[in-house]
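What follows is a set of notes on a single structure, which appears directly below.
The values are calculated or read from the model by the stated rules, or taken from the named source; none is laboratory data. All of these numbers come straight from a predicted model, not from anything done at the bench. Counting neighbours? That spans all protein chains shown, and the Cβs are built from the backbone with ideal geometry, glycine included.
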Amino acid sequence: MAEAAAASPLGLRKAARRGLAVYLGLVVVLSALFEGIIISTGVMGIWLLPLMWTPAAASVIARLVLREGFSDVSFRFGGLRTLPWYALGLGVPLAVGTLAYGAAWLTGLLGVQGGAVAFLVGLASAATWKAVLGFLLTAGEEIGWRGYMLTRLIDAGVPRPVLASGLIWGVWHLPLILAGIYTAGPSPALSAVLFMVSVTSFGYILARMRLETGSIWPVIYAHSAWNSIIQGPFDGATKGANAALWTGESGIFTVIVLVVVAVLVSRGTWTYVRSLPGRGVPLSQQLSPRPASPPEAPVS
């Protein structure tokens, strides 16, 4: 997808920029609090839940302070037309896991542990009830990242807003990676670089799901399914001293496969459904210059 600078009506653009400033400022402050606790204690444990809800909390505060309303969060399910996107949300971690981990196993770089039956049972659990249970965590991120930040980046005229959203999402994880607490391999610095490529690629997939469906639920499920499937049965079935280097969220094989999947998912014309019920319009219309128009009040 070719992205260009957006040229929203002046009022909408200014409102979106104000929202981004308030939102990102709150994310930095709130995240620094919980990440500081985690890094200082070396324990993620009970602090993971409030940390993952900082994006949602920041978006709620921004909406209340700026009186933006909540209609564009897109809590509607979107009907049957969203089902293929739920399927995509499940298919991505299954495909990436199979290809990336399969490559590591077949080349002998990493070993396999556990039986096939246990792996398949774990995979079925990870794709269903564990993924739904994971909503408790991933909803906190997605309500903020894709339910608020992504749409504001588009409306604010930020160049390449989908790329920017993925990069911001990735940077948010870096303190814990560099501290060696989260998804860090033999070299936290290398893990951080690989993770940025991985999460930015995944960000393209989630962004398209959110914009095409007009609903936040497919991305909440996709994010949760990724966590439960990759961090669950695939990581659990893998053994080897360098497992974190080749597989996992910052593994070399995982990054390569995820980049390819993201390119495939990103092909074609994107459609942006602003709210449900409603029809989408080509995202290019939101990202291309339009004639100047009188200022508009922000949509609430």
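The residues in region 103-138 that are part of a helix (DSSP H, G or I) and surrounded by fewer than 23 Cβ atoms within 10 Å (Cβ to Cβ) can be counted, and the count is 22.
Where helices (runs of 4 or more DSSP H) fall wholly inside region 162-271, the ranges with 1 or more residues that are modelled with pLDDT of 95 or more, under 24 Å from Ser40 (Cα atoms) and in contact with a Ser or Thr (Cβ under 7 Å, 6 or more places away or on another chain) are 188-213. Comparison of Val193, Val158, Val171 shows that the only residue that is crowded, with 19+ Cβ neighbours inside 10 Å and not polar (S, T, N, Q) is Val158. In region 138-149, the count of residues that are out of contact with any helix residue (DSSP H, G or I) (no Cβ under 7 Å at 6 or more places or on another chain) and on the phi < 0 side of the Ramachandran plot is zero. Residues in region 240-262 that are farther than 15 Å from Gly91 by Cα and free of Cβ contacts under 8 Å to residues at least 60 places away in the same chain: 2 in all.
State all residues of region 29-76 that are within 20 Å of Trp226 (Cα to Cα) and assigned to a loop (DSSP other than H, G, I, E, B); if no residue qualifies, say none. Scanning region 29-76 gives Met44, Trp53. Considering region 33-56 alone, what residues qualify as being within 21 Å of the chain's Cα centre (by Cα) and free of Cβ contacts under 8 Å to residues at least 60 places away in the same chain? Within region 33-56, Phe34, Trp47, Pro50, Leu51 qualify.
Of all residues in region 104-119, those being free of Cβ contacts under 8 Å to residues at least 60 places away in the same chain and aliphatic (A, V, I, L, M) number 4.
Residue-by-condition table, conditions (1) modelled with pLDDT of 95 or more; (2) loosely packed, with under 14 Cβ neighbours inside 10 Å; (3) more than 18 Å from Glu68 (Cβ to Cβ); (4) among the basic types (Lys, Arg):
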site: Met1; (1), (2), (3), (4): no, no, yes, no
site: Gly11; (1), (2), (3), (4): no, no, no, no
site: Ala15; (1), (2), (3), (4): no, no, no, no
site: Arg18; (1), (2), (3), (4): yes, no, no, yes
site: Gly25; (1), (2), (3), (4): yes, yes, no, no
site: Phe34; (1), (2), (3), (4): yes, no, yes, no
site: Trp53; (1), (2), (3), (4): yes, no, yes, no
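Within region 199-253, being over 24 Å from Gly122 (Cα atoms) and hydroxyl-bearing (Ser, Thr, Tyr) holds for Thr200, Ser201, Tyr204, Thr213, Ser215.
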